[in-house]
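FYI, it's all coordinate maths here, none of it is from the lab. As the structure is a computational prediction, the values presented were derived from the model and not from experiment. A quick note on method: Cβ atoms are made from the backbone with ideal geometry, for glycine too, and the neighbour counts reach across all protein chains shown.
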């Protein structure tokens, strides 16, 4: 039996934008066990609900993550609105959907770039991020912020998008979609990429479901689960079907995200075409009393906000379960059997967001 | 349109926890999360499960020093939440499949959300 050695992966590693540590137990170059640990940047943000008034906590929720920031604020606001029985105007629901999908586009293109970088495909990395800039331009144009939008609030949204700007975004989607198609063609058809990703880090459908995997990690293994199907924001009006792949390997996880880019473009297009007229917020009175598990679909999967109010201006509890936290067990199952050189690719394939995990 | 999603909360007694979790597992429920709330000095632990977007929560109330049995023998991925529960709230959890013994979340201050052990008194899982 070959000698076993332990190689520490992270917390600082060229492919990791944020710190996570994994002890890799190796036999020669093959991983036989992976033991993760986190907590290098734990901020204890959940406890801030007891010090910030409930409408102010939206800003804290949005700063949990720099990538899916808008969906954090949306999920929080939705939970408070449910507890306080607030009916959000239709136009606000559609605007929330547009910004959510732009967040997803921004996140997926960022991930595609990082994923290409983890394979050493620098040109593809730069192409992905150049496309991402176009998404950030729209977010900045419509909200004033590239990564932190600050537009969601309890009872609706803070900013409207004028018809002229909506038309401009709609016109821009055609060429943007074409460029995304070209980018996807390289990811899915390049021989080197295919050879590198196919059959790597396989997670079966049964394993993905049993381990509680969410988002593209679960959908790439054939688990048909996407919280947008429940119809929150304007997804119920627009109609939505999850993107599914079945191979469960790194290639399938990449394919799901690429196809979701096109699904997001389609949702934005339809949201603009069907945008209702009317107010963008309602006046909110009172304080939340009650509890609710609010859920939304982030780029990395389902996020859960457990919110509990006792009738005062501060919530008594906010427990935030982020997608990366629940995808860690799946990662632990994917790594055994993988060669050491492929570990960065497999780790990135779950799109780990440590800021979210260390909320 | 307000979100209408079915959610139920069922209170469970300490000795019944594993049996109830096992039943949900057999029914095809997915483990969504395990979360703790400090309610006036005692902990309310919510075990959330989902099937077809129906969220079912088992709610267990325990004192700060009560040892909670691990459900990681039923849901393998539960070790993440149980180690988190131990490292942040200082709740002892027995029988976790991957027990980090307080080193999963490396906070500067031990058990930062604990009502009795904040920053002190190590609590060791058995």
Angle in degrees between helix B:79-89 and the longest Cα principal axis of chain B, rounded to the nearest 10
50 degrees
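Taking neighbour Cβ counts within 10 Å as the exposure measure, how do B:86, A:21, B:54 sort from fewest upward? Before the final figure, lay out the partial values.
Working: B:86 25, A:21 18, B:54 12.
Lowest count first: B:54, A:21, B:86.
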Fewest-first ranking of A:54, A:59, using other Cβ atoms within 10 Å as the exposure measure
A:59, A:54
List, largest first, the extents of the alpha carbons of the range A:1-159 along their principal axes, each in whole Å.
65, 40, 20
Find the percent of Cα-Cα distances in the range A:293-340 that exceed 15 Å, and round it to a whole number.
59 percent
When the convex hull of the Cα atoms of chain B is projected onto a plane and the area is averaged over all directions, what value comes out in nm²?
8.5 nm²
Assign one of three labels to the range A:117-185, namely rounded, prolate or oblate, based on the Cα gyration tensor with a ≥ b ≥ c the square roots of its eigenvalues; rounded applies when a/c is under 1.5, prolate when it is not and a/b is larger than b/c, and oblate otherwise.
oblate
Quick check on the exposure proxy: order A:331, B:18, A:307 from fewest to most C-beta atoms within 10 angstrom.
B:18, A:331, A:307
Please determine, in degrees from 0 to 90 and to the nearest 10, the orientation of helix B:17-26 with respect to the longest principal axis defined by the Cα atoms of chain B, where the helix direction is its Cα long axis.
40 degrees
Give me log10 I(q)/I(0) at q = 0.29 Å⁻¹ for the range A:266-329, Debye formula, one equal scatterer per alpha-carbon, no solvent.
-1.10
Where does the Debye-calculated log10 I(q)/I(0) of the range B:25-89 sit at q = 0.15, 0.27 Å⁻¹, using only Cα point scatterers of equal weight, no solvent?
-0.47, -1.28
Along each of the three principal axes of the Cα atoms of the range A:188-268, give the extent in whole Å, ordering the values from largest to smallest.
40, 31, 12
Kindly provide the pair-distance distribution of the range A:155-201 built from C-alpha pairs, with 10 Å bins from 0 and whole-percent values in order of increasing distance.
21, 26, 22, 18, 14
Give the angle, between 0 and 90 degrees and rounded to the nearest 10, that separates the Cα long axis of helix A:90-118 from the longest principal axis of the Cα atoms of chain A.
20 degrees
At 1.002 mPa s and 20 °C, plugging the Kirkwood radius over alpha-carbon pairs of the protein assembly as shown into Stokes-Einstein gives what diffusion coefficient in µm²/s?
94 µm²/s
For the range A:14-108, alpha-carbon Rg relative to the globular expectation (2.2 N^0.38 Å, N residues):
1.51
